[in-house]
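Beneath this line is the structure, given in structure tokens, with notes to follow.
The values are calculated or read from the model by the stated rules, or taken from the named source; none is laboratory data. Just so it is clear, the model here is predicted, and its values are computed rather than measured. Backbone-built Cβ (ideal geometry, glycine too); neighbour counts: all protein chains shown. All accessible areas refer to the heavy atoms of the entire protein, side chains included, with ligands and DNA or RNA removed. Shrake-Rupley method; radii C 1.70, N 1.55, O 1.52, S 1.80 Å.
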Amino acid sequence: MADRYLTFTGTAPGRFLTRRLGLPQPAALKRWSPERPELQGDRLLLTAGKSHLDLADTGLALTGSAEKPLTGTAEKPAAVLLDATGVRDVEALAEVHAALHPAVRSVAESGRIVVLGAPLDPADHHQAAAQQALEGFTRSLGKEIGRGRTVNLVRLTDARAAESTLRFLLSPKSAYVSGQVIETGAYDESGAPAGPDRPLTGRTALVTGGARGIGEAVAGTLARDGARVVVLDVPQAEQDARRVADRLGGTALTLDITAPDAGERIAAALPDGLDVLVHNAGITRDRRLVNMPAERWSSVLDVNLASVLRTTDALLESGTLRQGGRIVATASIAGLAGNAGQTNYGASKAGIVGLVRALAPRALAEHGVTVNAVAPGFIETKMTAAIPLFIREAGRRMNSLTQGGLPVDVAETTAWLADPASGAVNGQVVRVCGQSLLGA
Ligand SMILES: NC(=O)c1ccc[n+]([C@@H]2O[C@H](COP(=O)([O-])OP(=O)(O)OC[C@H]3O[C@@H](n4cnc5c(N)ncnc54)[C@H](O)[C@@H]3O)[C@@H](O)[C@H]2O)c1
């Protein structure tokens, strides 16, 4: 399961040889650890256009500024934030180039570039063109920047509402998130402040399919952030579910999520309510459509989509999911780009995107609950270890970071969306794919 190529290119002879042969040079990504909770170095703030954004309102510790010379500083910046919210026409895009052209080279390994944009103004096609241009710019820079560095775009109207998102993108927790466009909404006065060490303290989180793989990592990360976790999995996985729950001080709940009364049974098991619902359980039953029996089709649709719809409806309607709650569903890049042999799986995961987009505004208005999705790319799990070597190797490298992600990368993204401070993030589908070449 280990990525031996990544280990090899980390050695001096490996680096020499692979460079000579023109092969990919994946960087060892800097991920979060208790010893290294932040990336080391300045966070430089640059501006393009006439901005009205007040980043001083946030606790983001932006130590740099446009005036600070980039050469001669002791440390390379860990991050560059480009405030391009004031870019309203094509002429102002020249300022994007002027700001980042000299800065880009100096960004540290595994560093971050975060472009801040404004929502597109439907009444002003010049503004819309210039702001949409930032998207193409961000995705292109992400593909060329290399050395474990990521580039993302946040469209925002209010810096305070975007704070939890910016913290996440500037931190080592977002190591495998690149080339993404995330929109944040309005500031909610009742929202929690961003940044506390254990933001989920006092909250209950349920993770379906939590006995192994990505779900196990999600349960671990939510527990690290203070949540009381409930690990849900099928009765056959009871032993693993208990092992995970015991390790995290949580509880196991064994039931098949496709049971028609799964939502009611979860509600009955959680009389005190639920704050975070992570729909992670998922299966694949791959076959080309010509060879796919109806049973393979329906089992994937049932686990990956129908049960997500049923349990979501039941837990919202019963009030089990409390005000301030968070739903995080699991899509996949196969649902965005499509994948041969996965018409059933691709349909189910695209369905998740539809669910999230349609339900998000209503769930927030009626229940105070946000609804978002993570869309993993190639993640190193038992599922991907079973892929034949050649296809596996191609899947691993076909992204801007030229490596697979780890379950913890999906878990960290889920934890950011589950954070009480992320109330302004709603209806988003965030890919955790190292900017895969597949999909939007
Ligand atoms: N591994 C990847 O590269 C990848 C990529 C994209 C999306 N995903 C998605 O991420 C999620 C987790 O993937 P994984 O690789 O950890 O898978 P996995 O197979 O390792 O784990 C899935 C878990 O879900 C449980 N589960 C399956 N059916 C269930 C049911 N009916 N009721 C309750 N639990 C059930 C399984 O028992 C298992 O513990 C899935 O939704 C998957 O589609 C994974």
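Results, tabulated for the structure shown:
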{"read-out": "Any pair with Cβ under 9 angstrom, 6 or more apart, that starts in the stretch 107-121 at a residue that is assigned by TED's automatic domain parsing to the domain that holds V96 and among the hydroxyl-bearing types (S, T, Y) and ends at one that is in a loop (DSSP other than H, G, I, E, B) and open to solvent by 10 Å² or more (accessible area, probe 1.4 Å)", "value": "S110/A27; S110/A28; S110/L29; S110/K30; S110/R31; S110/L39; S110/R147; S110/R149"}
{"read-out": "Residue check, S307 surrounded by fewer than 19 Cβ atoms within 10 Å (Cβ to Cβ) and of a type in the set (S, T, Y)", "value": "no"}
{"read-out": "Strands (runs of 3 or more DSSP E) enclosed by the stretch 157-274 - at least 2 residues per element that are modelled with pLDDT of 95 or more, within 21 Å of the chain's Cα centre (by Cα) and within 12 Å of the ligand (Cβ to nearest atom)", "value": "204-208"}
{"read-out": "Residue that is of a type in the set (V, I, T) and not in a helix (DSSP H, G or I), where the choices are V278, V356", "value": "V278"}
{"read-out": "Sole residue being under 17 Å from F168 (Cβ atoms) and either buried (at least 18 other Cβ atoms within 10 Å of the Cβ) or in the same structural domain as E95 (by TED's automatic domain parsing) (or both), chosen from L62, L45", "value": "L62"}
{"read-out": "Residue tally, condition buried (at least 23 other Cβ atoms within 10 Å of the Cβ) and either away from the ligand (no atom under 13 Å from the Cβ) or under 20 Å from T284 (Cα atoms) (or both), over the stretch 386-399", "value": "1"}
{"read-out": "Positions within the stretch 238-258 being open to solvent by less than 20 Å² (accessible area, probe 1.4 Å) and farther than 21 Å from L417 by Cβ, in sequence order", "value": "A241, A245, L255"}
{"read-out": "Residue in the stretch 79-107 that is surrounded by the most Cβ atoms within 10 Å (Cβ to Cβ), counting only those that are modelled with pLDDT under 95 and assigned to a loop (DSSP other than H, G, I, E, B)", "value": "A103"}
{"read-out": "Only listed residue being out of contact with any helix residue (DSSP H, G or I) (no Cβ under 9 Å at 6 or more places or on another chain), buried (at least 20 other Cβ atoms within 10 Å of the Cβ), farther than 25 Å from T258 by Cα and of a type in the set (G, A, S), chosen from G423, G368, G405", "value": "G405"}
